[in-house]
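*Asks:* Attaching a single structure in structure tokens format; questions to follow.
Derivation of every value follows stated rules applied to the coordinates shown; laboratory data play no part. The model shown is predicted, which means the values in this text are computed figures rather than measured ones. As a convention, Cβ positions derive from the backbone with ideal geometry for all residues, glycine included, and neighbour counts pool all protein chains shown.
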Ligand code: FE
Ligand code: FE
Ligand code: ZN
């Protein structure tokens, strides 16, 4: 069988910690996963619990989940590009230092980070701030790796082009601790053509290097190419489409790279009251390589029972 490292975003709660995340991933038939160490929109973090961490690591060993493929996502309110408020900037730097420590305690090697938004300071200034911050955060050669995520270019987001990511990597001293996380929805919304992914990869290889891809977020997009929007869609239900996503997922050059789904939960009534994770069914569809136009209904039926 072809090698496929695939999983999704999962929760990480106070009660079960890493063990709970592993269990959730196994429920989706995943062999990897990604989680926030607390709420994505805030920086309140509980102490990592030793017992559930050990139990989670043991369950991973038993079920053949390689912890090297598991990803932590840093909260998206951390902004290394904005140094207008010195206290906030220092807080972001310190938070990420702590986040890397949490990753180390959990045994996780990769932390995905949104590079940041320049909030009016301008691109050059924003990139300079990110570089300065990363040089403080990554002050040693050893330790977990930060995967800089390619962004959609919403508002003043940086990292929307391979060139901007390359500028950041060039400015950081301990480059061995930096990789890149491609996000298919973000690439599409930033203006890259996912109908010709081989060409996109060649382009990435020339500018940054294929060996720098540490993670891929697999999402369809609600918006047209170049929309600079960043709204994820379920696999096969957006503008990128099932065939293009399958080509990316099964690309020979990326077979060692963990693929993570961040597609939206499906609601039963159409409202936000009852929503269900789509990941089990999406992963099943990806493994079968056959588009299921009734996927969303199937997810609703599966969860009703
Ligand atoms: Fe992200
Ligand atoms: Fe993403
Ligand atoms: Zn996104």
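*Asks:* Per residue of the chain, what 222 nm ellipticity follows from adding -39500 (n - 2.57) for every DSSP H run with n ≥ 4, rounded to the nearest 500?
*Replies:* About -11500 deg cm²/dmol.
*Asks:* Semi-axes of the equivalent ellipsoid of the chain: what are they in whole Å, largest first, if each equals the square root of 5 times a C-alpha gyration tensor eigenvalue? Intermediate values should be presented prior to the final figure.
*Replies:* On the way: eigenvalues 162, 115, 71 Å².
Over the Cα atoms of the chain, the ellipsoid semi-axes are 28, 24, 19 Å.
*Asks:* In whole Å, what is the distance between the alpha-carbon centres of the range 218-234 and the range 239-305?
*Replies:* When both Cα centres are located, 15 Å separates them.
*Asks:* Another question about this same structure. Relative contact order for the chain using alpha-carbon pairs under 8 Å, separation at least 6, rounded to a whole percent? Please report the intermediate quantities before stating the final value.
*Replies:* Working: 607 pairs, mean separation 47.1, N = 305.
Relative contact order, the chain: 15 percent.
*Asks:* For the range 4-128, report the convex hull volume of the alpha-carbon atoms normalised per residue, in Å³, without decimals. Before the final figure, lay out each step's value.
*Replies:* Details: hull volume 13.6 nm³, N = 125.
So the per-residue Cα hull volume is 109 Å³.
*Asks:* Measure out, as a whole number of angstrom, how far apart the alpha-carbon centroids of the range 100-122 and the range 162-199 sit.
*Replies:* 15 Å
*Asks:* Continuing with this model, one more query. Taking 0.36 nm per residue of separation and subtracting the Cα-Cα distance, what length does fully extending residue 76 through residue 228 add? Please list the in-between numbers first.
*Replies:* Values: separation 152, 0.36 × 152 = 54.72 nm, distance 1.70 nm.
That works out to 53.0 nm of additional length.
*Asks:* Compare 263, 37, 52 in a GNM of the chain, Cα atoms joined below 10 Å, and give the one with the largest fluctuation.
*Replies:* 52
*Asks:* For 142, 233, which order do you get if you count the other beta carbons within 10 Å of each Cβ and list the fewest first?
*Replies:* Working: 142 8, 233 17.
With the fewest neighbours first, 142, 233 line up as 142, 233.
*Asks:* Take each of the peptides 102-112, 54-64, 9-19, average the number of other beta-carbon atoms within 10 Å over its residues, and list them starting from the highest. If you can, show how the numbers build up before the last one.
*Replies:* On the way: 102-112: 19.8, 54-64: 15.5, 9-19: 18.0.
The peptides rank, most packed first, as 102-112, 9-19, 54-64.
*Asks:* Computed FRET efficiency, Cβ-Cβ of residue 98 and residue 252, R0 41 Å: what is it to the nearest 0.05? Write down the numbers at each step before the final one.
*Replies:* On the way: r = 38 Å, r/R0 = 0.93.
In this case the efficiency is close to 0.60.
*Asks:* For the range 6-304, give me the percentage of DSSP beta bridges that are antiparallel, rounded to the nearest 5 percent. It would help to have the intermediate numbers written out before the result.
*Replies:* Numbers: 6 of 32 bridges.
So the antiparallel bridges amount to about 20 percent of the total.
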